[in-house]
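Following: one structure in structure tokens, then a few remarks.
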Amino acid sequence: MGVLACDRNGCDNIMCDYVSSEHGYLCWECRKELIAKGPCSVSRFMDTPKVSEFNAETWERIIEEEFKSRFGEE
């Protein structure tokens, strides 16, 4: 079995399950990050360095701490 290295800049994952004829292989972690990013240029995303520890829960907590409800609700 061959190596299916992620084609995202700076990603060193080698067992990718997702492939694009235009952009190459994409690992699960980068795919998750791309989805969370929302609408964007896939080409630019592939050229940006991989976030070392992308964690949606951590990001959500950061956003919740930064933006408080004006109604005092959590």
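Details
- Of all the criteria given as (1) closer than 12 Å to Asn9 by Cα; (2) modelled with pLDDT of 90 or more, the one not satisfied by Ser41 is (1).
- Unique match (being more than 15 Å from the chain's Cα centre (by Cα) and in a helix (DSSP H, G or I)) among Arg70, Arg31, Arg61: Arg61
- Residues within the range 1-21 that are among the polar types (S, T, N, Q) and surrounded by 15 or more Cβ atoms within 10 Å (Cβ to Cβ), tallied: 1
- Close pairs (7 angstrom Cβ cut-off, 6 or more residues apart or separate chains): within 18 Å of Tyr18 (Cβ to Cβ) in the range 36-47, aromatic (Phe, Trp, Tyr) and surrounded by 10 or more Cβ atoms within 10 Å (Cβ to Cβ) anywhere: Lys37/Phe45
The values are calculated or read from the model by the stated rules, or taken from the named source; none is laboratory data. None of these values were measured; they are calculated from a predicted model. Cβ coordinates were reconstructed from backbone atoms using ideal geometry, including for glycine residues, and neighbour counts include every protein chain displayed.
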